[in-house]
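Asks: Have a look at this one before I ask anything.
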Amino acid sequence: MAQDRRGSRDDRQNRDERDSEFVDKLVAINRVAKVVKGGRRFGFAALVVVGDQKGKVGFGHGKAREVPEAIRKATEAAKRDMIFVPLRDGRTLHHDVNGRHGAGKVLLRAAKAGTGIIAGGPMRAVFETLGVNDVVAKSTGSSNPYNMVRATFDALKHQVHPKDVAAQRGLKYATLQSRRASAGVASEE
């Protein structure tokens, strides 16, 4: 009997350790009111972004009568639906990319070291939880946080590692990198 209790406690502790490796950011909370006979009944919707700051990120949406419950539901949904994004040197994107969802459009650009995160609210939360340190992002179109987050994820899903590009083209990775370096020197001159 004591063995069973200890086993469940260890499982809970392992789950807590696994969950603690993720960083979560609350992006938006929306309060909605339903008018009923006795007055108004309030509900809350939360948008949360979760990431491990090493290239994995996800977002979730949760609804409940209380704010903490809505945030908990959104966090669980975000952890279930994570994507992996390849990062250059663990600090920026490999290439510029556009993303779109509904009327929300975003442009994400790779940046050199020391630039920082130049992005608006919902996009900044995604980059901070993803682990990107240097990026320039511009949102055009809708400023709705849901559309901006989904458009950012659309752009991040199109991010491709140069090794994958080299494999598709039948080239060696070093050849592709040398071409990139010579193109960078030519553009600076």
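Asks: Which of the residues that make up the range 83-110 are closer than 19 Å to residue 177 by Cβ, modelled with pLDDT of 90 or more and small (Gly, Ala, Ser)?
Replies: Scanning the range 83-110 gives a single hit, 110.
Conditions tested, residue by residue: (1) over 27 Å from residue 160 (Cβ atoms); (2) assigned by TED's automatic domain parsing to the domain that holds residue 96; (3) in contact (Cβ under 8 Å) with a residue 12 or more places away in the chain.
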{"position": "28", "(1), (2), (3)": "yes, no, yes"}
{"position": "31", "(1), (2), (3)": "yes, no, yes"}
{"position": "34", "(1), (2), (3)": "yes, no, no"}
{"position": "38", "(1), (2), (3)": "yes, no, no"}
{"position": "45", "(1), (2), (3)": "yes, no, yes"}
{"position": "53", "(1), (2), (3)": "no, no, yes"}
{"position": "58", "(1), (2), (3)": "no, no, yes"}
{"position": "67", "(1), (2), (3)": "yes, no, yes"}
{"position": "74", "(1), (2), (3)": "yes, no, yes"}
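Asks: When you look at residue 159, is it surrounded by 14 or more Cβ atoms within 10 Å (Cβ to Cβ), polar (S, T, N, Q) and modelled with pLDDT of 85 or more, yes or no?
Replies: On the way: surrounded by 14 or more Cβ atoms within 10 Å (Cβ to Cβ): yes; polar (S, T, N, Q): yes; modelled with pLDDT of 85 or more: yes.
Here the answer is yes, as residue 159 does meet what is asked.
Asks: Right, next: Among the numbered criteria (1) in contact with a Leu (Cβ under 9 Å, 6 or more places away or on another chain); (2) at pLDDT 90 or above; (3) closer than 20 Å to residue 152 by Cα, which single criterion is violated by residue 71?
Replies: Failed condition: (3).
Asks: For residues that are of a type outside the set (Val, Ile, Thr) and closer than 13 Å to residue 72 by Cα, scanning just the range 25-45, find the one that is farthest from the chain's Cα centre (by Cα).
Replies: At the first step, the residues of the range 25-45 found to be of a type outside the set (Val, Ile, Thr) are 25-26, 28, 30-31, 33-34, 37-45.
This time we only want the ones that are closer than 13 Å to residue 72 by Cα, so: 25-26, 44-45.
Values: 25: 10, 26: 12, 44: 22, 45: 19 Å.
That would be 44.
Asks: Does residue 7 fit the bill of being outside the structural domain of residue 149 (by TED's automatic domain parsing), more than 23 Å from residue 143 (Cβ to Cβ), modelled with pLDDT under 90 and among the small types (Gly, Ala, Ser)? Steps first, answer last, please.
Replies: Working: outside the structural domain of residue 149 (by TED's automatic domain parsing): yes; more than 23 Å from residue 143 (Cβ to Cβ): yes; modelled with pLDDT under 90: yes; among the small types (Gly, Ala, Ser): yes.
So residue 7 fits the description; yes.
Asks: Just to confirm my filter: which strands (runs of 3 or more DSSP E) fall fully inside the range 31-147 and include at least 1 residues that are crowded, with 18+ Cβ neighbours inside 10 Å and polar (S, T, N, Q)?
Replies: Numbers: elements: 39-51, 56-64, 82-84, 97-101, 104-110, 135-141.
By residue number, 135-141.
Table: residues versus (1) among the acidic types (Asp, Glu); (2) touching a residue at least 60 places away in the same chain (Cβ under 8 Å).
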site	(1), (2)
95	no, yes
101	no, no
115	no, no
128	yes, yes
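The values are calculated or read from the model by the stated rules, or taken from the named source; none is laboratory data. All values reported here derive from a predicted model rather than from experimental measurement. Note that we place each Cβ from the backbone using ideal geometry, even for glycine, and neighbour counts take in every protein chain shown.
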